[in-house]
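The values are calculated or read from the model by the stated rules, or taken from the named source; none is laboratory data. Being a predicted model, the structure only gives us computed values, none of them experimental. Note that each Cβ is placed from the backbone with ideal geometry, even for glycine, and that neighbours are counted across all protein chains shown.
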Amino acid sequence: MLYREAGDYKTSYAKDNQTFPIKFDRVAYYVLLFVAFCVVPFFINDYWANAVLVPFLIYVIATLGLNILIGYCGQLSLGTGGFMAVGAFASYKLMTAFPDVSIIIHILIAGGITALVGMLFGLPSLRIKGFYLAVATLAAQFFLVWLFNRVPWFYNYSASGQISAPERTVLGINVTGPNVDAWAQYMVCLVFVVACVWLARNLTRGNLGRSWMAIRDMDIAAEIIGVNPLKAKLTAFGVSSFFIGIAGALLFTVYLGAAEVGEAFGISKSFLVLFMVIIGGLGSILGSFLGAAFMVLMPVLLKNVLVGGMGWPTDVAAHFQFVIVGGLIVAFLIMEPHGLAQLWRVAKEKLRLWPFPH
Amino acid sequence: MSANFYYGVEVFLNGLMAGVMYSLVALGFVLIFKASGIFNYAQGVMALFAAMTLVGIQNGQVPFAHLINAIFGTHVKEFGWHVPAFLAILLTIGVMILFAFIVERYVLKHLVNQEPIILFMATIGLAYFMEGFGDLMWGSEIKKLDVGIPQGGNTWIEESTAFLGGEEFYGFYIDSLDIVAAIVAILLVASLVLFSQYTKTGRALRAVADDHQAALSVGISLRTIWVIVWSIAGFVALVAGIMWGSKSGVQFSLSLIALKALPVLMLGGFTSIPGAIVGGLIIGVGEKMFEFLIGAPFLGGATENWFAYVLALLFLVFRPQGLFGEKIIERV
């Protein structure tokens, strides 16, 4: 009964085009923002931040980035892990080279550097399509990981080959390094998530987003009606890599603190983010949130149930987790190939008619 | 001739042999892609699973021993018998056919007419599932696979080529296992070609590969064909699993050979069986020679991880459908 457009009069074009046309959604959105910014930081503890909230927020950014590339522009990419590594290493080099500059600026520049690298590896997409392109992006994945492993300049000649984030502050509060508070980690990630989502939402409904979607739906037809495929594809790779680079930089500086490139940014990370995109729903911003939440929460939940609840040995539980994750992905694709976002869309339609569906 | 030159030739020959091993995996991909348009990421894990099952059956392991022990607190481990290699291989083929049947029944049937990316994701899910399932069933420790294939350097080749070089040169070192693998690969490809050209089922397979709808309309059952194709792919996976497993032990890294087979596919084209072979050879030789000539001396080594991909990528820029792939025609 509450979930209706009825009675909500729109008197300007801006209002007509707003993101949440239904009043209930708008209220819920502001309440959610209020809770996220003003309530959660006071109650968050180390376990929740480290196991759930911080990785969730970081993966939302990465998923959003990959979703722009796959869901909006239709270019399948398996190089996410490599691009996240670019973000991480760029932020590391910047942080150690210019210690006086704010880390926020470093992370943004790291995103920019990743965007350039992404555009470089996106160039073949003009010739190569579909699965050939997916395999081609694996070249980026393997080459970048190898590069960061083999060239000592990238990890400042440290003996272990690892990179570790030095302590940095924002407004006088520690956000990286060993002495960081859970709420500070959370707030930094949250600010980046909100900014990225705002950017993504406005890009995808504008001129650029429409040209991406035209390329996705049929690239030859799009070219004929005047979409420049070079521009559309390269901007998609650029924007997507920008987000993924920010996610990589945050993952390394704020969340992990220290990283070894093959372990933290390997091919499994590419697949993890791809799963988030598919399970959440292709071409949906809400889906990016849902997919990331699902893939972050499920292993935590499974581990708690199997090891904590039933007392299985950890290795058997780990194998069982693979079976369940794999099985769930297949089951999901069979039941709802358009992801969790589609479930929400269906639920919304039902809600609008409730309680009188006929 | 200098010893370095002969060493280079040896690297070249070993590259050819490695290429044959890549081709074995790539073959399975091509078969499934041709018949159902599915890019089967699980092929590598299928090889791992087949090899694990083979070892498990050979050694008489109790399936799901870890799981049973964890739930019931028992300590079962082995039946205590030893199955001969030939029988074990037959049983494993049976398991792979059963697997093909289950995949068709519970996964593919429900995903008909979905977009390729959804099917691709489903096979990744399948790969995860099988990886965990295989570990649950047979345990995750590294196992030794021995079905009686000779191993180690081939002394005959070594001795008969030793006269070529000078004092420093003792003949080419080539692993006997690689030679066996090459022979098996040739036999496998020959029999696949004969099968698809001269049998009724083979003809049906080619019809489905050509056009699903047309094949359906002349009375070919898609579902049966899919079971057959996945069974054959399972069999190819078993062969690849035996070869790789004998070489480096049955362990998780075996499933990563799928990633080695992908550039082979790109180079050869997703739809061509000869392409898989030629692509495999090019990639095998290319990455070994690059590592030998440029990678190890100048770039700090381990270039094998990415060279194949970059080579395939550069190649595709000039020929987007691969060496032998069907020409991509696009219409609006």
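From the list A:Ala247, A:Ala258, exactly one residue is under 30 Å from A:Asn45 (Cα atoms), assigned by TED's automatic domain parsing to the domain that holds A:Arg168, surrounded by fewer than 20 Cβ atoms within 10 Å (Cβ to Cβ) and of a type in the set (A, V, I, L, M, F, W, C). Which is it? Before you say what the answer is, go through the steps one by one.
On the way: A:Ala247 fails: surrounded by fewer than 20 Cβ atoms within 10 Å (Cβ to Cβ).
Result: A:Ala258 is the single residue among A:Ala247, A:Ala258 that is under 30 Å from A:Asn45 (Cα atoms), assigned by TED's automatic domain parsing to the domain that holds A:Arg168, surrounded by fewer than 20 Cβ atoms within 10 Å (Cβ to Cβ) and of a type in the set (A, V, I, L, M, F, W, C).
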Count of segment A:107-130 residues which are without any contact (Cβ under 8 Å) to a residue 60 or more places away in the chain and within 19 Å of B:Leu314 (Cβ to Cβ): 5
Conditions (1) of a type in the set (Phe, Trp, Tyr); (2) crowded, with 22+ Cβ neighbours inside 10 Å; (3) part of a helix (DSSP H, G or I): number failed by B:Phe270: (3)
Residues of segment A:332-345 classified as more than 8 Å from chain B (Cβ to nearest Cβ) and within 14 Å of B:Val112 (Cα to Cα), total: 2
Near pairs, Cβ below 6 angstrom, 6+ apart or cross-chain, from segment A:17-32 (of a type in the set (A, V, I, L, M)) to any residue that is not in a helix (DSSP H, G or I): A:Ile22/A:Glu5
B:Ile232 being buried (at least 20 other Cβ atoms within 10 Å of the Cβ), of a type outside the set (Lys, Arg), under 14 Å from the mean Cα position of the chain (by Cα) and within 17 Å of B:Phe39 (Cβ to Cβ): yes
Some residue of segment A:297-318 being in a helix (DSSP H, G or I), surrounded by 21 or more Cβ atoms within 10 Å (Cβ to Cβ) and either away from chain B (no Cβ under 14 Å) or under 15 Å from the mean Cα position of the chain (by Cα) (or both): no
Matching residues, segment A:157-175, being over 13 Å from A:Glu260 (Cα atoms) and part of a loop (DSSP other than H, G, I, E, B): A:Tyr157, A:Pro166, A:Glu167, A:Arg168, A:Leu171, A:Gly172, A:Val175
Conditions (1) surrounded by fewer than 24 Cβ atoms within 10 Å (Cβ to Cβ); (2) among the polar types (S, T, N, Q); (3) within 23 Å of A:Leu133 (Cβ to Cβ); number of the one not met by A:Asn45: (3)
Counted residues, segment B:108-118 - those being facing chain A (nearest Cβ under 9 Å), closer than 16 Å to B:His212 by Cα and of a type in the set (A, V, I, L, M, F, W, C): 1
Residue, surrounded by the fewest Cβ atoms within 10 Å (Cβ to Cβ), within segment B:105-144, restricted to residues that are over 19 Å from B:Gly56 (Cα atoms) and polar (S, T, N, Q): B:Asn113
Filtered residues of segment A:79-105 (kept if in a loop (DSSP other than H, G, I, E, B) and farther than 23 Å from A:Ala293 by Cα): A:Phe98, A:Pro99, A:Asp100, A:Val101, A:Ser102
Identity of the residue in segment A:106-130, more than 14 Å from every other protein chain (Cβ to nearest Cβ) and either farther than 26 Å from A:Pro152 by Cβ or polar (S, T, N, Q) (or both), that ends up farthest from the chain's Cα centre (by Cα): A:Met119
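Looking only at helices (runs of 4 or more DSSP H) that fall completely inside segment A:209-267, which ones have 2 or more residues that are closer than 28 Å to A:Leu126 by Cβ? Walk me through how you get there before you give the answer.
On the way: elements: A:219-224, A:229-250, A:261-264.
Of the helices (runs of 4 or more DSSP H) lying wholly inside segment A:209-267, those with at least 2 residues that are closer than 28 Å to A:Leu126 by Cβ span A:219-224, A:229-250.
Give me a count of the residues in segment B:253-270 that are more than 11 Å from chain A (Cβ to nearest Cβ) and closer than 16 Å to B:Met46 by Cβ.
Residues of segment B:253-270 that are more than 11 Å from chain A (Cβ to nearest Cβ), as a first pass: B:253-255, B:257, B:268.
After this cut, where a residue has to be closer than 16 Å to B:Met46 by Cβ as well, the list is B:253-255, B:257.
Residues that pass the stated criteria total 4.
For every residue, the table says whether it meets (1) in contact with a Gly (Cβ under 6 Å, 6 or more places away or on another chain); (2) not aromatic (Phe, Trp, Tyr).
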{"residue": "B:Ala190", "(1), (2)": "no, yes"}
{"residue": "B:Phe195", "(1), (2)": "yes, no"}
{"residue": "B:Tyr198", "(1), (2)": "no, no"}
{"residue": "B:Leu205", "(1), (2)": "no, yes"}
{"residue": "B:Asp211", "(1), (2)": "no, yes"}
{"residue": "B:Val218", "(1), (2)": "no, yes"}
{"residue": "B:Val229", "(1), (2)": "no, yes"}
{"residue": "B:Phe235", "(1), (2)": "no, no"}
Selected residue (criterion: nearest to the other protein chains (Cβ to nearest Cβ)) from residues of segment A:131-149 that are without any contact (Cβ under 8 Å) to a residue 24 or more places away in the chain and under 17 Å from A:Gly87 (Cα atoms): A:Trp146
One residue from A:Leu133, A:Leu144, A:Leu76, A:Leu120 being of a type outside the set (Gly, Ala, Ser) and assigned to a loop (DSSP other than H, G, I, E, B): A:Leu76
Tally, over segment A:168-182, of residues that are loosely packed, with under 14 Cβ neighbours inside 10 Å and either within 12 Å of chain B (Cβ to nearest Cβ) or in contact (Cβ under 8 Å) with a residue 12 or more places away in the chain (or both): 2
Filter pass, A:Arg216 being basic (Lys, Arg) and over 19 Å from the mean Cα position of the chain (by Cα): yes
